[in-house]
Each structure stands twice: as C-alpha cells, then as structure tokens.
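This report concerns only the one structure given below.
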Amino acid sequence: MAEAAPPQPSLSRRLFSLLQTRQQGANIVLACVVGLLVGVVAIGFHELLHLVQRIALGSTSPLAILPTLPWYWKLCLPAIGGLLVTPIVTRWAVEAKGHGVPEVMEAVALRGGIIRARVALAKAVASAVTIGTGGSTGREGPVIQIGSALGSSCGQLLRLSPDQVRTLVGCGAAGGIAATFNAPIAGAFFALEVILGNFAVPAFAPIVLSSVLATAVSRAYMGNVPAFQIPQYSLLHYGEVPLYALLGILMGLVAVIFIRVLYKSEDLFENSPIPPALRTTVGGLLVGGLLLYWPEVYGTGFEAMYRLLHEATDWQVLALLFGIKLIATCTTLGSGASGGIFSPSLFLGVVAGGLFGQVVHAVLPGLTAEPEAYAMVGMGAVVAGTTHAPVTAILMLFELTGDYHIILPVMVACTLSTVTARYLYSHSIYTLKLARKGISLLRGREETVMQSFRVADVMRSPAPTLPQEAPFQELVDSFLDSQEPHYYLVDHEARLSGVIHLHDIKGFLSEGGLDGLIIARDVAHPVSAMTHPGETLAECLEKFSGNATERLPVVDSASARKIVGVVAQQDVIDLYNREVLRKEFLGTVPIDSTQRRGALTLPPQYTVVPLRLPPAFSGRTLKDLDLRAQYDVTVLAVRTPANSGSRDYLPQPDQPLQATDTLILAGHQQALETFQRRFSTSGEMDKE
C-alpha cells in the first residue's frame with residue numbers, strides 16, 4: 001500500500017512563511033545599511049575628535065605636546081570642556097551623559113529599542129569635546145551609543161516591530177565597536193552578549209553583517225592595522241598558566257574596584273553642594289590638576305598604553321599611574337561628562353597587569369614571560385571583569401593586538417576575572433547603573449517586560465467596595481448578587497480600611513438575627529499589601545508572592561489610601577504571557593505540526609490564530625473594543641496589507657483599525673471559537 005502523503009500546510013501558513021522569509025531578507029538589507037552608516041559615523045567621530053584636539057592642543061598627539069604647554073592651559077582645558085558639555089547633557093539630551101551603554105541596554109530591554117534621534121548628535125559632540133579637551137574617558141562608548149541611536153532611528157522611521165528595532169540597535173552597537181577598534185568579531189559578540197543579552201539566530205546574521213560592513217568602511221579610510229602594534233608574546237612554559245589564573249582573579253578584583261569607585265564618584269558629585277551646572281566644570285578642573293604632573297591620563301590614554309606595552313616601566317610608576325588613572329576617569333564620568341569605559345578599563349588592565357608581571361618575573365625569571373605580556377593579558381581581563389562579557393573581551397584582545405600566541409592565557413585570565421567580579425559584586429559596570437534606577441536584568445530579558453508595565457495598565461476600576469458600617473445583610477447580599485471573591489471596606493472619606501473574603505462570612509450564615517448586631521467592619525481583615533497605579537508589575541508580582549492573595553487593592557498613594565481599583569494576579573500573568581507570545585510570534589518562524597523544534601510551547605488549550613477584522617470593528621480602536629475584558633482574547637498583533645505582501649505591527653490602543661486588517665489573536669481555544677462564531681467573516685480560523 002502506498003504511504004499516505006504528509007498533510008500540506010494551509011494556504012495561510014504558506015503565505016505566512018513567505019512573509020517571514022521576506023522579513024528576514026529585509027532585516028539583512030537594513031542591517032547592511034546600518035553597518036555602512038555606522039562605519040561612516042565612526043570615521044566622522046574620529047575626525048571630530050581630532051578636530052577638537054587640534055583646536056585644544058594644536059596636535060593630535062597629547063603626550064608629545066602636553067609637556068610644552070603652559071601649566072594654566074593644562075589646568076583649565078578639561079574645565080573648559082566640561083563647561084561646554086554641560087548644556088548638552090543637561091538640557092538637550094540627558095542620555096548623552098556618562099558612558100552611554102546602560103541607556104542603550106535600557107532601551108532594548110524596556111522600550112522596544114526606541115532611542116531618540118538627537119542622542120546620536122548630542123553624544124558625538126559631548127564625547128568629542130570631553131575627550132579632546134583632556135577628559136579621561138574612552139571613544140568606543142560614544143560610537144556604540146551613536147550607532148545604536150542610528151539603528152533605532154532607522155527602525156522607527158520604517159515603523160518596524162520592536163524586535164526588528166532591537167536588532168537594528170544591536171547592529172548599530174556592533175558596528176560601533178567594530179569600526180572603532182577594527183574588531184568585527186568582538187563588535188558582533190559585544191552586541192549579542194551585552195546589548196541584546198542572547199545569541200538568538202534571527203539576530204545573529206544581521207549583527208554579524210553590520211559589524212563586518214562597518215569595519216570595511218573604517219578600514220577603507222583608516223587602514224587595516226590593529227589598534228595596538230605590540231611585540232608578540234607567547235606562553236613560555238605551562239607552569240605560567242597558574243600565574244595567569246591568579247592574574248585573572250586579581251584583575252577581577254581590580255574591575256570591582258573600578259565599578260565601585262566610579263559610582264561612588266557619581267554619588268559624591270550628586271550629593272555635593274556644587275550647583276549641577278558647574279559639576280562637570282569642577283570635575284574637569286580636578287582632572288586638569290592631575291594633568292599638570294601625569295599627562296598619561298589625558299583622553300583615551302592610547303599613547304600611554306602603547307608606551308607601557310613596549311617599554312619597561314618601574315613598578316612605582318605603574319602603581320602611581322593606576323591610582324591616578326582611576327581617579328581621573330571616575331572624576332570625569334562621575335561629574336557628568338561624556339565618554340566610554342572600555343579604554344579606561346584597558347589602561348587599568350595594562351598598569352595592573354604590568355605590575356603583576358614585574359613581581360612574578362622577578363621571582364621566577366626563567367619561567368615567566370616579560371612583564372609586558374602580563375600587561376597585555378591584564379587589558380582583556382579587566383574589560384571582562386567590568387563588563388561581565390568574557391567572550392567579547394577575549395575576542396577583542398585578540399583583534400586589538402593581532403596576536404594569537406598568547407590566547408590561552410587570555411582565555412584563562414578573562415574567564416576567571418569575570419567569575420571573580422561576579423562573585424564579589426553581582427552587577428557589571430553597565431547593569432549597576434540600571435539597578436540603581438530599579439531596573440534589573442539579572443534574571444533574564446523576558447522578565448524585564450514586567451518592569452516596563454505599570455499597575456495602571458492592568459488594574460480594574462472601580463474596585464468592589466462597601467462602607468465599613470454596612471449592615472451584615474447588605475454584605476451578604478453584595479456577595480450573592482455578584483461573583484466578587486473580595487470586598488474592600490472604605491471609611492467615609494473613601495479610604496481603604498479592610499478587606500472581606502467570601503469565606504469570612506460563611507460561618508455567620510447559619511446564625512439568625514445578626515443584621516442589627518454585626519456590621520462589615522466586624523468581620524473584616526486588615527489589608528496586608530496594596531499597590532498603586534505607578535508601581536511596576538515586577539514590584540507588584542513580588543507583593544503577590546509575599547502574600548497569600550490573588551488580588552491587591554490599588555490606592556492612589558500610601559498616605560491617602562483612597563482605593564482606585566483592584567489588580568488580579570492572573571491579569572498580571574496574562575499580560576506577561578501575552579508579551580512573550582507577541583515576541584515569539586512576530587520574531588520567529590511560525591509554529592505548525594511540521595516545525596516544532598525550538599518553538600514556543602503554549603499552555604494547554606491556549607493557541608494563536610489570525611482572524612480578518614470583523615466589519616463591526618472597522619474604524620474602532622482596541623481600547624474601545626476591550627476584547628480582553630469582553631471576550632477573553634488578546635490581540636498580539638495586527639497584520640495590514642503592504643506593498644511587499646503584508647506587514648505585522650504591534651497595535652497602539654488608540655489607533656483606529658482598518659477594514660483590511662487581520663487580527664492576530666491569542667487565548668483559550670474555547671474563547672477563540674466563541675469569538676470566531678460571532679465575528680468571523682471568512683468561516684474558519686487557522687490553528688497556529
């Protein structure tokens with residue numbers, strides 16, 4: 001008997017697969033465009049920085065020219081830069097303040113990758129002025145933020161989905177790192193490891209291509225040479241491996257010191273009596289004082305690092321440079337100037353690693369390489385410890401130096417540095433800034449969706465309330481006439497005073513004559529937890545987990561306690577499921593019976609279906625329809641005709657629906673079938 005042919009996918013499924021293929025192709029094209037643009041922007045920032053240096057110093061070589069300048073010019077130059085930067089980072093684009101990468105991570109995690117277009121120009125000008133006038137920061141952070149803003153602007157201009165915008169943000173960040181350091185592999189992995197937080201296949205190809213093209217543009221203009229031309233070092237003896245392991249542990253400690261001192265510096269300036277408009281200027285003046293004696297801390301410090309990697313330096317000088325560079329960088333960024341932290345991390349790694357190398361080489365001269373080898377490995381180890389991104393650090397050091405011979409010590413040191421830094425302090429130099437704003441990425445990017453929604457987004461209003469003096473019979477009638485499991489008691493000023501559950505009154509129902517003896521307040525319980533409309537759903541969920549309740553009252557404020565609604569735990573969970581489903585449905589291949597591997601597993605009886613817009617819904621908004629409350633179905637997306645076939649977008653609550661739209665619905669099977677029977681115009685919905 002001939003074997004039965006496998007069932008063919010439905011027409012809508014084949015069309016959707018074609019759409020996904022076209023969308024992936026479009027993502028590739030856009031990633032290439034972003035990569036080319038970021039390469040040009042990186043060149044532009046490089047020239048802008050050199051322009052500022054020529055204006056400030058008359059040269060692009062700080063170490064060569066600084067000793068010849070008057071002392072008062074060296075003292076005042078960073079302060080002048082701070083004075084010029086202040087209005088940019090306080091009035092025009094506050095996102096340009098500091099090292100910038102946490103702002104990009106926040107946009108990716110919580111705002112669908114949305115970054116204001118003005119950030120790119122503001123960051124470029126503020127960072128070029130800061131670095132060019134002597135601020136002790138790096139140039140890679142600015143290009144990362146500029147490239148990310150450029151990618152985000154492209155996505156917003158084309159009205160792409162949040163997942164596509166996030167991918168373009170990652171493409172911009174990858175291109176920024178790649179073009180700045182001539183490191184395409186490290187650029188791609190930085191975007192995947194730090195910015196996006198995962199190595200998902202849909203984003204991998206666009207980010208790699210963007211990184212490659214940005215590097216190609218940069219190389220065409222600046223040449224294909226490593227950022228550091230240094231002698232080749234190698235592992236002389238396998239007995240050195242434990243020494244490099246010890247170096248990694250120590251560099252992890254250095255990384256934690258850098259992180260803590262940097263944010264302590266921010267707090268000192270924030271809490272100081274110095275007016276906000278003068279903090280960056282004062283910080284620049286302090287850095288200028290350091291430049292009088294230690295010109296090595298000027299700007300990115302690349303020239304100084306080059307010398308340290310080529311020339312033997314006394315250990316006293318290395319120890320002093322470590323402390324001076326740490327103070328200069330933390331003062332520059334802590335006072336509100338603009339720049340990156342990669343270059344300072346590399347500098348601290350060079351001096352700390354070189355100091356360690358001198359010690360071990362003096363003790364074991366026949367077993368160990370030159371101290372400069374340990375300085376080079378220390379560069380990558382401190383970057384790994386500060387960013388908690390060991391893969392990026394390993395690849396970056398390899399591409400920065402072009403030296404493969406010492407890759408084993410680099411891998412050992414970077415890995416142990418990251419482990420040590422995480423053990424001593426859970427946050428990286430990026431995530432700590434977000435954590436101080438109440439944003440945690442430690443438990444995964446999907447969970448941070450709860451931090452981007454507020455209680456007001458899911459609360460139901462009005463809340464079921466009763467006066468606290470309500471007679472017992474009125475209390476009983478209220479429960480019998482409704483399906484509410486709780487009633488909240490309020491006083492004469494509408495302030496929350498207690499809660500009554502249905503089970504609380506069951507024991508009194510068998511007794512008669514209680515109507516004149518018991519009032520609602522007599523059987524009520526104190527409210528153990530409450531929330532307010534502005535609280536994040538992440539904070540709200542913690543209250544649910546800490547209290548044996550499925551509902552929380554929503555009050556206008558903790559002091560007034562006027563109840564404005566109620567939030568159910570199931571509504572919060574439903575929103576979480578909806579957002580995860582929304583991402584999976586729009587950002588991955590469709591789910592069908594022949595393609596299950598790697599697909600999203602839905603809860604039992606929970607499915608996703610497309611349905612042509614019912615005529616009665618045309619011209620109305622999702623907010624007006626309130627399908628979730630009315631029919632227990634959720635709109636994940638709206639599919640609308642486009643020139644290339646069709647386009648999926650995330651609907652806004654107040655956006656009118658068009659007659660040609662198709663709703664992408666999620667919900668329980670029974671609810672969807674009921675909804676379909678009532679509103680379908682095409683007969684049958686495809687099961688996802």
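Each peptide among 610-616, 58-64 gets the average number of other Cβ atoms lying within 10 Å of its residues, and from highest to lowest they stand as 610-616, 58-64. Work out how much length Asp626 to Ile573 would gain on full extension: take 0.36 nm times their residue separation and subtract the Cα-Cα distance, in nm to one decimal. Fully extending the segment from Asp626 to Ile573 adds 17.3 nm. Give a quick list of GluC sites (Glu not before Pro) in the range 273-366 that DSSP marks as loop, anything other than H, G, I, E or B, with at most 11 other Cβ atoms within 10 Å. Listed in order of number, the matching sites are Glu311.
What is the sum of charges, Lys and Arg at +1 and Asp and Glu at -1, for the other residues whose Cβ falls under 11 Å from the Cβ of Ala463? After counting each charged neighbour, the total is +2.
Amide H contacts of Val567 (H built 1.01 Å from N, in plane; Pro and chain starts excluded): Arg460, Leu552, Val554 sit under 5 Å, all sequence-distant by 5 or more or on other chains. Estimated from the Cβ-Cβ distance and a Förster radius of 56 angstrom, the FRET efficiency linking Arg111 and Asp477 is about 0.75. Fewest neighbouring Cβ atoms within 10 Å first, the residues Ile327, Ile274 line up as Ile274, Ile327. Annotation for Tyr221 and Trp92: the two label points, set 7 Å from Cα along the Cα-Cβ direction, are 1.9 nm apart. Its Cα gyration tensor gives the range 24-222 an equivalent ellipsoid. The semi-axes, each the square root of 5 times an eigenvalue, are 32, 18, 12 Å from largest down. Listed values for the range 379-396 are Karplus-derived 3J(HN,Hα) couplings in whole Hz (6.51 cos²θ - 1.76 cosθ + 1.60, θ = phi - 60°), namely 3, x, 5, 5, 4, 4, x, 6, 8, 6, 10, x, 5, 4, 5, 4, 5, 5, and x replaces Gly and Pro.
Residue order for Leu66, Leu77, Leu121, fewest other beta carbons within 10 angstrom first, comes to Leu121, Leu66, Leu77. Rounded to the nearest 20, the Cβ-based charge dipole of the range 24-222 about its Cα centre (Lys and Arg +1, Asp and Glu -1) stands at 380 debye.
The listed peptides 482-488, 380-386, 104-110, ordered by packing as a protection proxy, come out as 380-386, 104-110, 482-488 (highest mean of other Cβ atoms within 10 Å first). Amide hydrogen proximity for Leu489: with H placed 1.01 Å from N in the peptide plane, the residues at 5 or more positions away or on another chain lying under 5 Å are Leu466, Ser497, Gly498, Val499, Ile500. For the range 120-203, the list of chymotrypsin sites (Phe, Trp or Tyr not before Pro) that fall in a loop by DSSP and count at most 15 other C-beta atoms within 10 angstrom reads Phe199. Taking other C-beta atoms within 10 Å as the exposure proxy, Ile115, Ile664, Ile55 rank Ile55, Ile664, Ile115 from fewest upward. Note on the range 238-447: Rg/Rh from C-alpha atoms, Kirkwood Rh, equals 0.99. Taken along the Cα-to-beta-carbon direction at a fixed 7 Å, the label points for Ile55 and Asp457 span 4.3 nm.
Read-outs: derived from the displayed coordinates by stated rules, not from any lab. The shown structure was predicted, so the numbers you read here are calculated from the model rather than taken from an experiment. Positions of Cβ are backbone-derived with ideal geometry, glycine not excepted, and every protein chain shown enters the neighbour counts.
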